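Here is the structure we will look at, set down as structure tokens.
The values are calculated or read from the model by the stated rules, or taken from the named source; none is laboratory data. Note that this is a predicted model, so its numbers are computed, not measured. Please note: Cβ atoms are built from the backbone with ideal geometry, for glycine as well, and neighbour counts cover all protein chains shown.
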Amino acid sequence: MNWNRLAEKRLRELADQFPAVVVVGPRQVGKTTLARTSFPEASYKDVESPLVHLRFTEDPAHELELLGNMTILDEAQTVPSLFSALRPRTAFQKSGPWKLLIHGRVAFVSDQQFDRESVTPPLCSN
């Protein structure tokens, strides 16, 4: 089994367990391809697209309410307030019909340069 199939399988397993899954990595490593091939039925929003970006920046909670059962949000890191709006929706939902796959690029920095908890708030409670 090649790494693509392993990654797709693991991504589907995580989506079955949690209402939101975050996929991060550097540019051009295949995050969008992985998401779209793993969930071909999902709707897709490119948050870097000017109109989509504007809508999520102005009212991220409202835009999240408009999403369908499975949505891929590409480049979600471009609207940091999106994560704060997402937390109430995912904090108490372990599973259910609403699923969200979020992904975006990250820069490689050392652990001493940032605090993960302050940059990426928890999306799901244990």
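Listed values, structure above:
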| item | result |
| --- | --- |
| Total residues in region 81-103, condition among the basic types (Lys, Arg) and at pLDDT below 65 | 1 |
| Residues (acidic (Asp, Glu) and either in contact with a helix residue (DSSP H, G or I) (Cβ under 7 Å, 6 or more places away or on another chain) or part of a helix (DSSP H, G or I) (or both)) located in region 43-67 | 46, 48, 58, 63, 65 |
| Scope region 12-42; condition at pLDDT 90 or above, of a type in the set (Gly, Ala, Ser) and assigned to a helix (DSSP H, G or I); matching residues | 35, 38 |
| Members of region 23-45 found to be under 12 Å from residue 11 (Cα atoms) and among the polar types (S, T, N, Q), listed by number | 37, 38 |
| When residues of region 1-59 are limited to those that are touching a residue at least 12 places away in the same chain (Cβ under 8 Å) and of a type in the set (Phe, Trp, Tyr), the one surrounded by the most Cβ atoms within 10 Å (Cβ to Cβ) | 56 |
